[in-house]
Amino acid sequence: MEVYLVGGAVRDDLLGLPVVERDWVVVGATPDELLARGFRPVGKDFPVFLHPESHEEYALARTERKTAPGYHGFSIHAAPDVTLEDDLLRRDLTINAMARDARGQLIDPHRGARDLEERWLRHVSPAFAEDPVRILRVARFSARYAPLGFQVAPETLDLMRAMVADGEIDHLVPERVWAETVRALGEPRPGKFIETLRECGALARIFPELDRLFGVPQPPSHHPEIDTGFHTLLALEQAVRLEADAVTRFAVLVHDLGKGATPADEWPRHLGHEQRGADLVRAFCQRLRVPNMYRELGVLTARFHTHCHRALELRPKTLLNTLKGLDALRKPQRFEQFLVACEADARGRLGLENRAYPQADFMRRVYQATAGAPVHPLLAQGLSGLTLAEALQRDRLAAITEVRQEYKTSSRA
């Protein structure tokens with residue numbers, strides 16, 4: 001039995017990056033032999049085991065044969081006669097098809113080290129085309145390694161386009177699409193995920209709502225970049241710059257979906273795109289089975305982001321209703337995510353990336369004033385029901401009015 005370090009650990013070590021997790025391939029063994037050594041089996045589809053002490057994954061060397069369309073359409077063969085070279089041949093990219101033996105010697109049958117040096121994401125073999133998930137993985141690796149100068153090899157991009165044209169992309173299951181998407185949102189350049197999918201034609205098939213944004217104009221006075229799709233990518237860059245979490249980055253990604261549904265004869269204006277966008281985000285999340293925390297923030301950001309942009313102009317009652325619509329008093333953490341998403345949107349405009357966004361701080365002060373309006377004195381007066389609600393509303397509006405006046409005074413100063 002021989003054991004080899006494989007995949008991402010070898011790749012990232014050669015790049016000089018931290019190795020987060022290590023995966024191993026076992027050659028010349030059977031499942032019973034691993035079980036006898038105390039390894040614990042995991043998963044149903046592949047012969048993968050957890051080491052009894054390190055708990056790292058050890059997979060038996062295996063080959064795959066395409067038997068049906070889609071991600072699950074494979075027959076797996078794992079046996080002692082499967083070689084390391086056989087196992088590496090089935091992998092997606094050359095930079096992921098390297099191994100190290102027990103002595104630390106690099107085994108690189110597909111010149112992955114060369115592609116690392118030359119910064120190429122290149123497929124290992126034509127078998128790449130058998131698994132549509134690999135399109136998503138290449139797009140995700142683009143998002144991860146773009147800061148290092150990596151690009152998708154032209155022949156790999158051509159193969160991805162052919163997979164889309166052949167309909168292989170249409171067999172992706174929602175859960176896997178979302179799993180790769182949410183991982184891509186956490187990468188250093190999440191916009192490259194969208195760009196790569198669009199370049200190979202996959203974006204229109206799996207995220208048509210996003211694909212429709214490209215080519216849709218906006219008023220140059222507010223959006224010097226004009227194109228809505230380009231604006232979305234710029235806003236994603238700003239979300240990364242603001243150190244937004246993946247939930248907030250998703251909200252930024254979908255905040256303008258409504259503009260893709262604006263009738264062309266109304267361009268470049270987009271009246272009512274907020275509500276249209278909220279409806280589209282709901283449908284988007286339902287189709288891809290997106291978790292609630294992402295869906296809720298995405299819907300709220302689509303619905304209320306222009307309220308935040310115009311916060312300094314809004315009346316106290318409108319500001320209070322906006323806080324209520326956002327459920328800010330009960331969910332302050334989500335409210336903060338919303339403000340970050342709005343700031344990323346405001347800065348995601350060509351030439352305006354460094355402009356100030358005082359609306360966010362103003363909304364925080366409005367929130368604090370609203371949350372600070374005391375209820376207990378009203379209860380002590382014996383108020384309840386509708387009378388209590390009206391008195392609390394009056395006190396909150398007074399507090400917001402005071403904040404607005406203070407802000408205007410300080411701004412003039």
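Values in this text are rule-based calculations from the coordinates and carry no lab data. Remember, it's a predicted structure, so these values are computed and weren't measured experimentally. Glycine also receives a Cβ, built like all others from the backbone with ideal geometry; neighbour counts cover every protein chain displayed.
At-a-glance table
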read-out	value
Mean shadow area of region 178-261 over all directions, Cα convex hull, nm²	5.3 nm²
Extended-chain gain in nm, criterion 0.36 nm per residue less alpha-carbon gap, ALA165 and ARG289	42.1 nm
Most fluctuating residue given options ARG144, ARG347, ARG205, as computed from a GNM of the chain linking Cα atoms under 10 Å	ARG205
Region 1-110: proportion of alpha-carbon pairs further apart than 15 angstrom, %	65 percent
Debye-sum result for region 267-314 in log10 I(q)/I(0), which assumes one identical scatterer on each alpha carbon, at q = 0.18, 0.22, 0.30, 0.31 Å⁻¹	-0.59, -0.77, -1.04, -1.07
Largest-first principal axis extents, alpha carbons of region 277-413, Å	50, 44, 20
Region 119-206: Cα Rg divided by the 2.2 N^0.38 Å rule of thumb	0.98
Approximate spin-label separation VAL375-ASP265, in nm, with each point projected 7 Å along Cα-to-Cβ	5.1 nm
Fluctuation leader among ASP361, ASP170, ASP92 - the chain, Gaussian network, Cα springs under 10 angstrom	ASP361
Cα-based Lys proximity count in the chain, under 29 Å, for pairs eight or more positions apart or on separate chains	9
